[in-house]
Each structure stands twice: as structure tokens, then as C-alpha cells.
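S.K.: I have a structure I would like to understand better, so I am pasting it below and will then ask my questions one at a time.
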Amino acid sequence: MKVGVVTFPGSLDDRDAARAVRIAGGEAVRLWHADSDLHGVDAVVLPGGFSYGDYLRCGAIARFAPVMESIKKAASNGLPVLGICNGFQILCEAHLLPGALTRNQHLRFRNREQWVRVESSATAWTGDYQDGQEIYILIKNGEGCFVADEETLDMLEDNGQIVARYVHGNPNGSMRDIAAIRNEAGNVVGIMPHPEHAVEALTGPSLDGLGFFTSVLKHLSGGSEKE
Amino acid sequence: MSIDTVERAESTPDELQPFAELGLKEDEYERICQILGRRPTQSELAMYSIMWSEHCSYKSSKIHLKQFGEKAPPSDRMLAGIGENAGVIAVNDKLAVTFKVESHNHPSFVEPHQGAATGVGGIVRDILAMGARPVAVMDPLRFGAADHPDTARVLPGVVGGIGGYGNCLGLPNIGGEVVFDPSYQGNPLVNALCVGVLPVDRLQNKAATGPGNIVVLMGAKTGRDGIGGVSVLASATFDEGSEQRRPSVQVGDPFIEKLLIESCLELYENKLIVGVQDLGGAGLTCALTETAAAAGTGMDVQLEKVHLREASMEPHEVLASESQERMLFIVEPSNLDAVLNVASIWGVIATPIGVVTNTGRVRITWHGETVVDVPPGSLADDGPIYARPLREPADLILLQADRAETLPRPTDLRETLLTLVASPNLCDKTWVTEQYDRYVLGNTILAQPEDSGIIRIDEETGLGIALSVDGNSRYTRLDPYDGARLALAEAFRNVAVTGAEPVAVTDCLNFGSPEDPAVMWQFAEAVRGLADGCQELGIPVTGGNVSFYNQTGATAIHPTPIVGVLGIIDDVAKRIPMGFSHDGDLLFLLGE
Amino acid sequence: MARVVVDVMLKPEILDPQGQAVANALPRLGVSDVASVRIGRRVEIEFEGEADLERAREIADKLLANPVIENFQVKVES
Amino acid sequence: MARVVVDVMLKPEILDPQGQAVANALPRLGVSDVASVRIGRRVEIEFEGEADLERAREIADKLLANPVIENFQVKVES
Ligand SMILES: Nc1ncnc2c1ncn2[C@@H]1O[C@H](COP(=O)(O)OP(=O)(O)O)[C@@H](O)[C@H]1O
């Protein structure tokens, strides 16, 4: 299975996302922001970093990259897309996910290990988790505070579109402790914490992040997606 | 205003020039006239004043630093040493590591956020210029008293700047120090260390070899940033007058630096360049003259080709500008298109600005008129050298007499413990370290709160490097010789206890004014101590940085040698972290 | 050359931690009569020719402001 | 209630990476006639009583702008 990892100018965790794909048993394919060809990949990861310097608003400029046009189209046909951190911000800016990510309430960049509860295993990227499972991964962001109006938040809750919440402490002021959400179809997921940094015992706080990558591979091979 | 050309300088030999305002002494100015056989042009005067400043020429420290080379144990690991942008150490026959620590103290007091940010940017480009991919940073910091109102301005700014720049480059921060002491109140220390990894055969050189080769400037546009920054900010005492120097603070753009990193690595990988030099303090002046001097060649430069942020800039300003995020390349004509293509893929500006010649002169023209015609070695290598007077500080005997043995013994241990725990210097540093990304690149094996950072440099074999930076200025104030050795010993131990073998040293020597014999004595003693310590431990100093004039008015900071030690660990899976690992393990205390 | 200014502010219902931080710091400057502080962006667009308000509005709508959280105003600067 | 607006902009000679990034992105929106973009902060201060320009200027100077790299302008908003 081929999982594309997009490199925008300023992407930083692209190698890490590719490593996580490989460790999960997939083939990582490098996609370039200026190339609208998706090279036949079966899924796409938008990695963390500071695309285009993250000036103006995080993700605001990346949204206009040629590769995003193709991803938007493919996503509407069911292509699994995972946006991590900056990738989540890009997905919101591109209106593939509702809401917006704003400056952390304490106004500082924060890097720490963090408990997160998986609320929905009914996505292309979380099938390998149990609903309610708590995982220990990490966050590192300056603008990770998820905001949306009450109506949107209620809709997200009602549709089961909240994929993960912060537990044992909200690190950035995110509304309703939201750490990850999905689109209605469940193929597009945005997550603020970094599962790709929790895939190796030596370098991460746990192996709890690997599930995102094994899930999508299973999903693609027609495996056990729960509905 | 008309431009001061070489022709004009020849015809107006008696025109008065503001050499003293630029920090040059009368005899230094006379030497310049001697070298050129005429008075310097305005541009040349600017170039000499920068290159002969303390910061660039090491004129007060050179005679002491020699000991690092003389006393160093022979090491066949060392691929590049002192004098290069950064020292390079072979880890095995395929991989090498380069590392260096540098100061950005004065700019960080003036504008904490940008000053600290551009400090990180500068050291990263040094590492990049050696051919390496930067893989981690560290930041030894010193602030005034924790409860002083100005610390509330400086500390968050510095930490935000280091985090903002390093995080945006995607470099994990794997350690550092935060120390508070009133001696740093008006002069905080912001030292930044960067380490990079390169294949042994990708080592780069700064020499502008091969007459006919093209000189290419890549990166950000050139603006009026930091004009006079090096010579003024880092080579003079910082006092009330510093208000006016404020505009010379540079602003960084880490995004452009990230693009520069990727572009450079692609150029190195495809062997598209023959020489490379980063632009830091002294900007183009330093890069042009050092690359030409290193090769013994010359250069013809058309300065108006430099992309400017402000059209009204004059040639001496273009030459002195310290705009960040720029690199200079020497390129064979047949590779020029390929080089420009790499730049355009990454979206950075690259401009051919001149050619290498065999004239032994750096000639710079501005819209056809010659504004500079100098022998590059006279700027890069043959600056003035001083043997400054040394005198033991008058209060040292008193300080040393006040011994720990004479202090009253504490009666209430609980109270003592609480005082210690509450002290800013011992407290938890999470407020700082949380603002730094320590996970990016996915190879961080150890970082905060460990004694050393460890980075895996080969994912297949588990080969890694360990790094620690340490310094103890209160001890150094009491005894600079032993203080420096102690800093070395601490960093060495911190690396060794992780299971790594210490192999190389870098240092940043932060001191007061070299014109003060007491400070100069502290400096000489600290260098002697560090050089002796390295000899005793059998590891070489591969590079470093001297920062003088760290003082407020007449009062110098505590002498603060910061020492970084690099170690090698064959398999990072075998690293030994700080915490207790298993129930029932036995504890041993080694040493006295 | 003509300049168009785009002011981008967070919608009133969106929390503005930066503004709040400033408001909280005011008493330390001896200021007590400020009810609120909001911080947004001011974008100055320099057009090569005529000031093009329509263009500026389009740029603001697509790029400078995020309609989920922000409002904007466009004006020609005299 | 009265509102004072403080516009804080980088001094013209200071690099503005944000503005530059936006300017570089404009061609992708089909905009080609923009010479430059500068981005600063717009701060809206709501006073409980009268708009106090002097006060606002002091707040701007001490808290909102960094005089090393920024200029500011204060005005009462009608
Ligand atoms: N400025 C800094 N940047 C990054 N890491 C830091 C900084 N200051 C302290 N640290 C890290 O925090 C941890 C604790 O620091 P410290 O309390 O100084 O420990 P120690 O006394 O053992 O040196 C160490 O891992 C150190 O590297």
C-alpha cells in the first residue's frame, strides 16, 4: 500500500511521517507541494511543520498549493487523508474539516507528552483502536487550540466526528478538549498531537501512535473498519 | 551624494575619515593606508573596521587560543579544526559530525526575541557551511536575577526567539542551561550550539578556488539589518549610548533558512559547488574576503547585482549588512544553471554577483565604478594582534579567603532543602524546555531532563552522538583556571555517564572587556585551564567562539566559559538514562 | 502606487487570548479604565497602479482572513 | 464606551517575513499587480469612559509596540 507524505516548503515532520508509514508496513511516497500528481497513492498524510513559514495563519498559504487541489478532489472520492498538526491546520483552512486552529490560550509553543482518548474508531485512520482507549502521545504546537461555533461543535458531537480528546489536562485551551476530528465520511482526519512520533520505543513516549498507520493500511486492504 | 571610489580616494588623500567612530585605532588606520598605498574608500574603511573588530579578528584572544592547538592531543578523527566555520570529527569511515557553540549576547539584550532567534540562525549556517545537515541545537543561557523586572522582559523573549527559530527549522533542542545571577543583569548570555551530520566525503570548503568560477549569493534579500552590528554591538562596552545602536538589530526569517538548508544539501549532494561560506556577522565583507583569502585568489564583484530590500542602500551598507539567511557559493560556470535551478525549486533567490580571479585582489564595483580594491588576506588573516596586559583582580584574594569552611553549618536541614529547591537555579526548567520541540526529526534518544542529549545519526546501526554544555561562572570568578577545567569536566562526565565516549570539545568564552587587565587575566587563565584540561582528558578543542565586552558600565559579568563536549555511542539502544531503571538495582558512589 | 489596508479581527464571539493578556497586564501600568482589548492584524497592500478595492477584498476573503473565526474590513488609505 | 485603535507596524527598514510570504503567495490567487504587503497588528482598546488618547499612547509605547523594530499610530475610532 502506498501512502503519500506531502512536503511543503517548511514541512518538518515529513520524514517522521514516512518513517511511521514504513514501520507500520506501508510504502511511503514523497509528494511535492508544487506537483499536482498524486502518483497513484492509496492515502495521504499532511505532516507537521511550518508550511510557508506559517506566516499569516498556519496552513493559510499551503491550502493554495497545487497538490492540495488534487487532494481535495481525491478526498471527496474517499481517499484517506490524515493531517497532523500543521496538516490539521491545512485541512481546516482548505475547508476539508470544519472549525479552525488558533493560538494556544497560554500564547506559548508547547511540547509535551500528552494523554489522549480515542473517541471514534470509525475512521480510516483509527480502526485499530478501541473507542475510549487512552493513548500516550505528544503535542508540539503554538496554534493548536481548536475553535468552532457552538452549532458546529454540537454537530461534531452528534455525528461522532470527534475522533480524539485531550484527557488529564487540556494543553492549549481547545474547545471541548478536541484533539482530533474527522469529516462526515470518516476518510479525512485532522489531529493536533503527533502519532508519528510515538512509533518507536527509543524515540517516543510510547508506541501508541502506530495504530493510525496500521489502521489505514488495514482499511485500504479492505480490513476491519468499524461502522 | 556621490560614491567614494578608489579613483576619488587617490585624488583626495587628505580627506578626513571617521575611523575612530568605526572603532579603529589611529595606528590601525595608518596600517590600512599603508596596505593600500592610499587612504581607504568609504567602503574599504567599513570593511576593515568590521574585519579588524574584536569579534571578527580575535585580536585580543588569538595569542591565548593558540594553546588549544599546541596542547591538543593528536586526533585522527579531526577532519577540520579551529579556523574553519566549525570543527568536524569523523565518527566512522562514512559519517562525520560537526558542532560549534556561539554567542549572541548583546543583540539579545537589545531585542531578546530577534536577538536570540538570529543567534540560532547564525550557528545553524556555520554547521551547514561545513556540508552537514543540522540535526540538533542546544542553548546555554544566563540571565540576571530571576525576580528583576528586566528579566521578565529578557527571558521570555529569548526563550521565545530560540524556540520560534529552532522549531520552525525543525531542529530538536536537546539541552542547555538556564542560570540566574545578578552579574548578567544588563548583559544576559545567549549561547547557541548546533550539531550536524555529514558523509565524510561531503565535507565542504570555503576556498574560492579556480579563476573563472562564479560567485553566487543565495537566500534573503540584503537590507540595512545589523549594520555595524558586529563591530559596534560585540566589540564595545554596552552602556547608555546603546539606545542609539538599536536599529542595528537583525530580524530573522527561519522559513527562508529552512529553504536554504534544503537547497544547500541538494547542492552538496549533487556536487554542484566548489566552495561555500555562510554570511553571519560582517556579512558579505567577511564572506568575500575569507573565501578569496583561503584560496589565495582574487575576486571581481559587481555589488549592484545583490538583491536589495531597500533600493537606497549604498555600497558600504551592502558590504556591511548583516541580513540573515544568506550563503555564498563558488560555482564552476558549467554548473551555474543547475545551481540556479535548485534555488528556484526551493523558492530562494540566487544571484551570480562576481567571478573568481587570479589577481590576488578583491575588486568590487558599484554600477561600473570601483569602490573596493584590496588584498583579501589583509582583512581576513592579517588583522592586528594584541598581547593585552593581564592583572589578577584586586579582590580575588579576599574572595578566595571567604571559604566555605567558614560558613555557619545549617541547623535546620529541612529549611536548607526548601531554600535549595526553591532557588531559581535549581528549579524545574520545564517552562523553558516545553517551548522547544525536542522530538522533530525522530532521532532524539535523550533530551531534557537528562544530563546529555543523544541523537541517533544512523537508523540502521543505531550509531549516535551525545552532547552536553556546561559552565559554572561563580566558580570561574573564584578561580578561572579551575573554573574552566571544571566546566570541561562536568560536560565530559555528563556525556560519559550516558555510555558515550567523549571525543571533542567546543567552547564559547564569555568575558568582560579585554581592555581591562583583570578581565584579560581571567580570560588567559580560563583558556590555559581549558587547554590543560583537554590535554589531561585527551580530547581536542575543535572550535568555538570568544565574546568580549560583556559588561554593564565598568562592571564585567562573571567570567563564563561555556564548554560543550561531543561523544560517540555505538548503539543508542544501550544509552543509560538518568532515572533509576529497575527495582532492586544497587547504588554505588564513585569518587571521593 | 496606492495603498489598501485590510483590517482583520477575530469575531467577537471568539476568545482572544492575546488581547486578554494585554488587558490583564494593564493594571500593572496603572491603567484601570479599559474594558477590553482585542488584537487583530493590519495588512497594508501596496498596489503598483490604482488601488484596487475589489481585488483587495478578494485577497482578504480568500487568504488574509479565515471566515470561520475572523471578520475583515477593506479601505483605501489616503 | 469609546474605542481607541492602535496600529503597530514594523519599521519600513525592518524585514517583514509575514508580509513577504503573503506577497509571494498572491500570484497563485491570480494577483500580479501588488508591489508589496506589510503585516502589522491592529489593537482595539475599549475604554469604559472617555477615549483616552494619552493613555492609549502610553499603553502602546510600553506594552503593544517594541520601539526597537516597530512604529505605532493611535487614533480614536468614530
Ligand atoms: N535553555 C535550555 N534549553 C534546553 N534545555 C535546557 C535548558 N536549560 C536546561 N535544560 C535542560 O533541562 C534539564 C535540567 O536542567 P538543569 O536543571 O540545569 O540540570 P543540571 O543541573 O543537571 O544540568 C537538562 O536536561 C538540561 O539540558
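S.K.: Heavy-atom accessible area per residue, segment A:88-227, 1.4 Å probe: how many Å²?
M.R.: On the way: 4670 Å² over 140 residues.
Dividing the accessible area of segment A:88-227 by its residue count gives 33 Å².
S.K.: Same structure again: Starting from the residue with the highest accessible area, list B:Tyr386, B:Tyr439 in decreasing order, probe 1.4 Å. Write down the numbers at each step before the final one.
M.R.: Working: B:Tyr386 50, B:Tyr439 20 Å².
Sorted descending by solvent-accessible area, the residues read B:Tyr386, B:Tyr439.
S.K.: Residues of segment D:4-22 losing 20 Å² or more of accessible area relative to the isolated chain, 1.4 Å probe, heavy atoms only?
M.R.: Hits at the 20 Å² cut-off: D:Asp7, D:Met9, D:Glu13, D:Ile14, D:Leu15, D:Pro17, D:Gln18, D:Gln20, D:Ala21, D:Val22.
S.K.: In Å² (nearest 100), what accessible area is buried between A and B, both sides summed, heavy protein atoms only, 1.4 Å probe?
M.R.: 2500
S.K.: Please build a GNM for chain A, connecting alpha carbons under 10 Å apart, and tell me which residue among A:Leu156, A:Leu79, A:Leu202 fluctuates the most.
M.R.: In the Gaussian network model the winner is A:Leu202.
S.K.: Only helical DSSP H runs with n ≥ 4 go in: add -39500 (n - 2.57) per run for chain B, normalise by residue count and round the 222 nm mean residue ellipticity to 500 deg cm²/dmol.
M.R.: Details: 19 runs with 201 residues, N = 592.
That calculation yields -10000 deg cm²/dmol at 222 nm.
S.K.: Could you tell me which of rounded, prolate or oblate describes segment B:1-159, using a ≥ b ≥ c as the square roots of the eigenvalues of the alpha-carbon gyration tensor, with rounded for a/c under 1.5 and, failing that, prolate when a/b is larger than b/c and oblate otherwise? It would help to have the intermediate numbers written out before the result.
M.R.: On the way: a/c = 2.28, a/b = 1.39, b/c = 1.64.
Oblate is the answer for segment B:1-159, as a/c is 1.5 or above yet b/c matches or exceeds a/b.
S.K.: Still on this structure, I have one more. Would you list A:Phe213, B:Phe180 from the most to the least accessible area, probe 1.4 Å?
M.R.: Working: A:Phe213 5, B:Phe180 35 Å².
Ranking A:Phe213, B:Phe180 by accessible area, largest first, yields B:Phe180, A:Phe213.
S.K.: Assign unit charges at the C-beta atoms only (+1 for Lys and Arg, -1 for Asp and Glu), then state the dipole size of the protein assembly as shown relative to its Cα centre in Debye, rounded to the nearest 20. Could you put the intermediate results ahead of the total?
M.R.: On the way: 84 positive and 136 negative charges, 155 e Å.
Magnitude of the dipole: close to 740 debye.
S.K.: While we're looking at this one, here's another question. Could you compute how fast segment A:2-220 diffuses translationally, taking Rh as the Kirkwood radius over C-alpha pairs and applying Stokes-Einstein at 4 °C with viscosity 1.567 mPa s? Give it in µm² per second. Spell out each step's value before the answer.
M.R.: On the way: Rh = 16.6 Å.
My calculation gives 78 µm²/s for D.
S.K.: Run the accessible area of segment B:75-191 with a 1.4 Å probe and give the carbon-and-sulfur part as a rounded percent.
M.R.: Numbers: 1550 of 2800 Å².
Its accessible area is 55 percent carbon and sulfur atoms.
S.K.: Let me ask another. Counting Lys +1, Arg +1, Asp -1, Glu -1, what net charge surrounds A:Glu134 among other residues with beta carbon under 13 Å of its beta carbon? Kindly include the intermediate steps, with their values, before the conclusion.
M.R.: Details: positive: A:Arg117, A:Arg165; negative: A:Glu113, A:Glu119, A:Asp131, A:Asp177, A:Asp208.
My count for the surroundings of A:Glu134 gives -3.
S.K.: Give me the count of lysine pairs in chain B whose alpha carbons sit under 16 angstrom apart, restricted to pairs 8 or more positions apart or on different chains.
M.R.: Close lysine pairs under the 16 Å cut-off: 5.
S.K.: What total accessible surface area, summed over both chains, is buried at the interface between chains C and D, computed with a 1.4 Å probe and given in Å² to the nearest 100?
M.R.: By this definition, chains C and D bury close to 2900 Å².
S.K.: I'd like the per residue volume of the convex hull spanned by the Cα atoms of chain B, given in cubic angstrom. It would help to have the intermediate numbers written out before the result.
M.R.: Working: hull volume 92.5 nm³, N = 592.
Hull volume normalised by residue count: 156 Å³.
S.K.: Also, I was wondering about something else. For chain C, set up a Gaussian network in which alpha carbons nearer than 10 Å are linked by springs, and say which option among C:Val34, C:Val68, C:Val43 fluctuates the most.
M.R.: Comparing C:Val34, C:Val68, C:Val43 in a Gaussian network model of chain C, the most mobile one is C:Val34.
S.K.: What Kirkwood radius, in Å to one decimal, follows from the Cα pairs of the protein assembly as shown?
M.R.: Values: mean 1/r = 0.0339 Å⁻¹.
Across the protein assembly as shown, the inverse of the average 1/r is 29.5 Å.
S.K.: Let me ask something else. Treat each spin label as a single point 7 Å out from the Cα along the C-beta direction, and report the B:Thr351 to B:Thr555 distance in nm.
M.R.: If labels sit at B:Thr351 and B:Thr555, their model points lie 4.6 nm apart.
S.K.: If you count only protein heavy atoms with a 1.4 Å probe, what accessible area per residue comes out for chain B, rounded to a whole Å²? The partial results should precede the final answer.
M.R.: Working: 22770 Å² over 592 residues.
Heavy-atom SASA per residue in chain B reads 38 Å².
S.K.: Okay, moving on. How about segment B:306-400: which GluC sites (Glu not before Pro) there are in a DSSP loop, with at most 10 other Cβ atoms within 10 Å of their Cβ?
M.R.: Details: sites: B:Glu310, B:Glu317, B:Glu322, B:Glu325, B:Glu369; in loops: B:Glu310, B:Glu322, B:Glu325.
Qualifying residues, ordered by number: none.
S.K.: Given a Förster distance of 41 Å, report the FRET efficiency between B:Asp201 and B:Asp27 from their Cβ-Cβ distance, rounded to the nearest 0.05.
M.R.: That pair, B:Asp201 with B:Asp27, gives E of 0.35.
S.K.: Return the calculated 222 nm mean residue ellipticity for chain A, to the nearest 500 deg cm²/dmol, obtained by summing -39500 (n - 2.57) across DSSP H runs with n ≥ 4 and dividing by the residue count.
M.R.: Values: 5 runs with 50 residues, N = 227.
After summing the helix terms and dividing by the residues of chain A, the value is -6500 deg cm²/dmol.
S.K.: How far, in degrees from 0 to 90, does helix B:42-51 lean away from the longest principal axis of the Cα atoms of chain B, to the nearest 10?
M.R.: The answer is roughly 20 degrees.
S.K.: Relative contact order for chain B using alpha-carbon pairs under 8 Å, separation at least 6, rounded to a whole percent?
M.R.: Values: 1413 pairs, mean separation 114.1, N = 592.
The normalised contact order for chain B reaches 19 percent.
S.K.: Determine, from the Cβ-Cβ distance of A:His106 and A:Met155 and an R0 of 25 Å, the FRET efficiency 1/(1 + (r/R0)^6), rounded to the nearest 0.05.
M.R.: Working: r = 28 Å, r/R0 = 1.12.
FRET efficiency, A:His106 to A:Met155: 0.35.
S.K.: Is it possible to state the helix-based mean residue ellipticity at 222 nm for chain D, with each DSSP H run of 4+ residues giving -39500 (n - 2.57), the sum divided by total residues, to the nearest 500 deg cm²/dmol? What is it? Each step should come with its number before you reach the end.
M.R.: On the way: 2 runs with 16 residues, N = 78.
So the helix-based figure for chain D works out to -5500 deg cm²/dmol.
S.K.: Moving to a separate point now. Which aspartates and glutamates, on any chain, are close to A:Lys73 with Cα under 20 Å apart, when same-chain ones fewer than 8 places away are left out?
M.R.: Of all the aspartates and glutamates, those that pass the test against A:Lys73 - Cα under 20 Å, at least 8 places apart if same chain - are A:Asp35, A:Asp37, A:Asp42, A:Glu93, A:Glu184.
S.K.: Quick check: pseudo-label points 7 Å beyond the Cα along Cα→Cβ at B:Gln535 and B:Asp150, how many nm apart are they?
M.R.: 4.0
The values are calculated or read from the model by the stated rules, or taken from the named source; none is laboratory data. Every value quoted in this text rests on a predicted model; they were computed, and no experiment measured them. Ideal geometry is used to build each Cβ from the backbone, glycine not excepted, and the neighbour counts take in all protein chains shown. These area figures cover heavy atoms from the full protein model, side chains too; ligands, DNA and RNA do not enter into them. Shrake-Rupley method; radii C 1.70, N 1.55, O 1.52, S 1.80 Å.
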